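What follows is a short report on a single structure.
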Amino acid sequence: MAFKKPSVLPGFNLSLGYTIFYLGLIVLVPLSALIFKTAGLSWADFWQTVSNPRVVASYRLTFGASLIAAGINMLFGLLVAWVLVRYSFPGKRLIDAMVDLPFALPTAVAGIALATLYAPNGWIGQWLEPLGLKVAFTPLGVVLALTFISLPFVVRTVQPVLEDMEIELEEAASSLGATRWQIFAKVIFPTVWPALLTGFTLAFARAIGEFGSVVFIAGNMPMVSEITPLLIIAKLEQFDYLGATAIALVMLVASFVLLLVINLLQWWTAKRLGRR
Amino acid sequence: MANNKIRRPGITDEAPWVKWLLTGIALVFIGLFLLIPLVSVFFEALRKGWELYLAALVEPDALSAVKLTLVTALIAVPLNLTFGVAAAWAIAKFEFKGKSVLITLIDLPFSVSPVVAGLIYVLLFGAHGWFGEWLGAHDIKIIFAVPGIVLATIFVTFPFVARELIPLMEAQGSDEEQAALVLGASGLQTFWRVTLPNIKWGLLYGVILANARAMGEFGAVSVVSGHIRGMTNTIPLHVEILYNEYNFVGAFACASILALLALVTLALKSWVEWKAERDDEAARIAANAE
C-alpha cells in the first residue's frame with residue numbers, strides 16, 4: 001500500500017507538513033530534551049534519585065490519592081450521570097453545565113478556595129474540626145483537591161453511553177421477570193462498565209499530574225503531604241536540574257503507560273458498543 | 001440532551017423514593033464539591049467590602065498580570081487554532097499510514113503533567129539548557145520571561161482545537177468538499193465556503209476551552225515564569241503570591257476575575273452545544289424532507 005490513498009481534495013502536503021512541524025517544535029523536541037538530559041545521569045545516580053525515601057513517599061501520596069479521588073468520582077460520577085440522564089428535576093440544565101466547572105475554573109483558584117473552606121476556621125472545616133477530622137494541610141486535603149479537578153471525567157464519559165442505551169433492553173428484561181436491581185446489575189452496568197473504566201483512568205491520569213489545586217491545601221510537608229510534581233519544582237529551585245529531570249521522567253513514563261491504557265479502553269468501549 | 005424516547009413508567013423506572021434519594025445525593029455531591037467552592041471565591045473577595053475589592057483589582061501589579069494573561073492567550077490560542085485546523089484537515093480528509101500514531105501524539109500534552117511541561121522548556125532554554133549559552137550570548141531571555149510563559153501555555157492548550165475538530169470532520173466525510181471541487185471551486189474557496197461553515201461550532205467550542213485553559217494555567221507557567229512581580233506574573237501566579245503573603249482579599253479578588261471567566265466559559269460552552277444541536281436537528285429534518 002502507498003503511504004497515502006489518492007484523493008481529489010487539495011492541501012494534504014501542506015496541512016500534514018505543518019502539523020508535523022508544529023508538533024515537533026512544541027511537543028516532540030522539548031520532550032526528547034527530557035529524555036536526553038536523563039541520559040546524562042548514570043543508572044546508579046538515576047536510581048538513587050528516583051528511589052530516595054522522600055521521593056518514594058511522594059509517589060505513594062500522588063498515586064494513592066489519585067486512585068482514591070478517581071474511585072470517589074467513579075462512584076459519584078456514575079450516580080450524577082444517571083440522575084442527569086434518567087430523571088428530571090428543576091435546574092437540571094444548570095447542574096449539567098456546572099459539572100464542567102473543574103475544566104473551566106483555573107486550578108489555583110480551586111486550590112485557594114478549597115484551602116480556605118477546609119481550614120480549621122473555614123465554612124466546612126469548622127464542622128469537621130470537632131469531629132477530629134483535619135482536611136487542610138493533610139493527605140486528605142490532597143484527595144479532596146484531586147477529587148475536585150477530576151470530577152467531570154467519569155460523568156462525561158458515562159453520560160453519552162447512558163443516553164444511547166436502548167430502553168427496549170430493559171423492557172425485555174423486565175418482561176422476563178427481572179427486578180429493577182437485577183436489570184441494573186445485569187443489563188445496565190455491563191453496558192456502561194467500559195465507559196466507567198475509561199472515565200476512571202482519565203480522572204486518574206489527570207490527577208497524578210495535577211499541581212495548582214493541590215499545593216495550597218496540601219501543606220507540602222516532606223514525607224507526609226508532598227506530591228511528586230511539587231518535588232520536581234523544589235529540585236528545580238535548588239538548581240538540581242538532573243534530579244528534577246529524573247523524577248520528571250518517572251512521571252512521564254507513568255503518563256505514557258496511562259495514555260496507552262486509555263487508548264486500549266476507548267477501543268474496547270467502541271467495540272463493546274458496536275461502533276466503528 | 002433531549003430524551004425523547006417513550007418510556008412506560010413503572011417498568012423501567014425506579015420507585016419515587018429511590019429517585020429522590022439518588023437525585024438528592026447527586027445534588028449534595030455537586031453542591032459540596034462545585035457550588036460551595038465557587039460561591040466562596042466571591043464571598044471571600046467581597047468579605048471586606050467593595051472598596052477593598054476594587055482597590056485590589058486596579059493595583060498596578062494586578063493590572064499588569066491581567067495584561068500578560070490576555071497577551072499570552074491572544075498568542076497561544078490563534079496558533080493552536082491554526083494548528084488544529086491543519087491537523088484536522090490532514091487527518092480527517094485523507095487516508096494515510098501512521099494516522100493513529102499522529103492522533104496519539106497530538107493528545108500527548110493532555111497526559112503530561114503541567115510541571116513536566118514547564119520543565120522541558122527550562123531544559124531547552126534555561127541558563128543551563130541546550131540553547132542556554134547561545135541565548136545568553138545573544139541576550140535573548142525565554143525562561144523567566146514572557147516567551148517562556150507563552151511557550152508553556154501553547155504546550156498545555158495544544159490539543160484542544162484539534163481534538164474537537166478531528167472526530168467532527170471525520171464524521172462529516174468529504175462528499176461536500178468533493179462536490180464543490182467538481183463544480184469548479186478552488187481549494188481555498190472550498191475550505192471557506194463549505195468546510196468552515198460545517199465545523200464552526202466545533203471550532204468555537206475548542207477555542208473556548210483552549211482560552212479558558214490558557215488564561216488559567218498555573219503549573220506549567222509557574223515553572224517558567226520566575227514570578228517577577230509586574231513583569232512575568234499572570235493572574236493565577238499573582239493570586240498565588242498574594243495568597244502566600246496572607247493578602248486574602250487581594251488573592252480572592254484576582255481569583256474572582258478568573259472565576260467569572262470560568263462562568264462565562266461554561267455559559268458560552270452550553271450556548272455552542274445548544275446551537276450545534278439545533279443545526280444538527282435542522283439538517284436532519286432537511287435530509288428527511290428530501
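Assign unit charges at the C-beta atoms only (+1 for Lys and Arg, -1 for Asp and Glu), then state the dipole size of the protein assembly as shown relative to its Cα centre in Debye, rounded to the nearest 20.
Computed charge dipole of the protein assembly as shown: roughly 680 debye.
Show me the GluC sites (Glu not before Pro) within the range A:124-221 that DSSP assigns to loop and that have at most 15 other Cβ atoms within 10 Å of their Cβ.
Sites meeting the loop and neighbour criteria: A:166.
When the accessible area of the protein assembly as shown is computed with all protein chains present and a 1.4 Å probe, what percentage of it is carbon and sulfur?
Carbon with sulfur: 68 percent of the solvent-accessible area.
Suppose R0 equals 60 Å. What FRET efficiency, 1/(1 + (r/R0)^6) with r the Cβ-Cβ distance, do residue A:21 and residue B:19 give to the nearest 0.05?
Numbers: r = 54 Å, r/R0 = 0.91.
The calculated FRET efficiency here is 0.65.
What area, in nm² and to one decimal, does the C-alpha convex hull of the protein assembly as shown cast on average over all directions?
Its average projected convex-hull area is 30.5 nm².
Using only atoms on other chains, find how many Cβ atoms lie within 10 Å of each Cβ of peptide B:197-206 and report the average.
Mean partner shielding for this stretch: 0.
Please sort through the DSSP H helices of chain A and keep those with an alpha-carbon extent of at least 24 Å along the long axis and a Kyte-Doolittle average not below -0.5.
Both cut-offs are met by A:53-86, A:189-209, A:241-272.
Residues of the range A:1-28 losing 50 Å² or more of accessible surface, assembly versus chain alone, probe 1.4 Å, please list them.
Residues of the range A:1-28 that lose at least 50 Å² of accessible area once the other chains are added: A:3, A:9, A:10, A:12, A:15, A:18, A:19, A:22, A:23, A:26, A:27.
With unit charges on the beta carbon (Lys/Arg positive, Asp/Glu negative), name the residue among B:166, B:151, B:222 whose Cα is farthest towards the positive pole of the charge dipole of the range B:122-229.
B:222
With every protein chain present, what accessible area does residue B:284 have (1.4 Å probe, heavy atoms only), rounded to the nearest 10 Å²?
Approximately 130 Å² of residue B:284 is accessible to the 1.4 Å probe.
Excluding ligands and nucleic acids, what accessible area in Å² is computed for residue B:263 using a 1.4 Å probe, to the nearest 10?
Counting only protein heavy atoms, the figure is 70 Å².
Give me the net charge for the shell around residue B:111: Cβ to Cβ below 14 angstrom, other residues only, Lys and Arg +1, Asp and Glu -1.
0
Between their Cα atoms, which of A:186/A:271; A:92/A:134; B:99/B:269; A:37/B:141 are more than 24 Å away from each other? Don't jump to the answer; show the numbers that get you there.
Numbers: A:186/A:271 19 Å; A:92/A:134 33 Å; B:99/B:269 29 Å; A:37/B:141 21 Å.
Pairs exceeding the cut-off: A:92/A:134; B:99/B:269.
So what does residue A:221 come to for accessible area, using a 1.4 Å probe and Å² rounded to 10?
Looks like 90 Å² after rounding.
Which chymotrypsin sites (Phe, Trp or Tyr not before Pro) in the range B:183-290 pass both tests, a DSSP loop state and at most 12 other beta-carbon atoms within 10 Å?
On the way: sites: B:191, B:192, B:201, B:205, B:218, B:243, B:246, B:248, B:252, B:271, B:274; in loops: B:218, B:246.
Passing sites in the range B:183-290 are B:246.
As I understand it, the dipole of the range A:21-274 uses +1 on the Cβ of Lys and Arg and -1 on the Cβ of Asp and Glu, about the Cα centre. Which of A:68, A:176, A:122 lies farthest toward its positive end?
Selected residue: A:68.
Mind putting a number on the dipole of the range B:123-280 about its Cα centre? Charges go on the C-beta only, +1 for Lys and Arg and -1 for Asp and Glu, and I need it in Debye to the nearest 20.
340 debye
Let me know the mean shielding of B:35-46 by other chains, meaning the per-residue number of their Cβ atoms within 10 Å of its Cβ.
Average neighbour count from other chains, rounded to a whole number: 5.
What percentages, rounded to whole numbers, describe P(r) for the range A:21-274 computed over all alpha carbon pairs with 10 Å bin width beginning at zero?
Per 10 Å bin, starting at zero, the Cα-Cα P(r) for the range A:21-274 comes out as 7, 24, 29, 23, 12, 4, 1 percent.
What is the distance, in nm, between label points placed 7 Å from the Cα along the Cα-to-Cβ direction at residue A:3 and at residue B:182?
The two pseudo-label positions are separated by 2.9 nm.
Residue farthest toward the positive end of the dipole of the protein assembly as shown, with Cβ of Lys/Arg at +1 and Asp/Glu at -1: which of B:182, A:229, A:167?
My answer, from the dipole projection, is A:167.
Could you size up the charge dipole of the range A:21-274 around its Cα centre, putting +1 on the beta carbon of Lys and Arg and -1 on that of Asp and Glu, and report it in debye to the nearest 20?
Roughly 180 debye for the range A:21-274.
Considering chain B, what Rg and Dmax in Å follow from its alpha-carbon atoms?
Rg, Dmax (Cα atoms, Å): 23.7, 77.
The values are calculated or read from the model by the stated rules, or taken from the named source; none is laboratory data. The structure presented is a predicted model; accordingly, all values stated were derived computationally and were not measured. Because the Cβ atoms are built from the backbone with ideal geometry, glycine has one as well, and the counts that use them run over all protein chains shown. Keep in mind that these areas ignore ligands, DNA and RNA; they rest on the heavy atoms of the full protein, side chains included. Shrake-Rupley method; radii C 1.70, N 1.55, O 1.52, S 1.80 Å.
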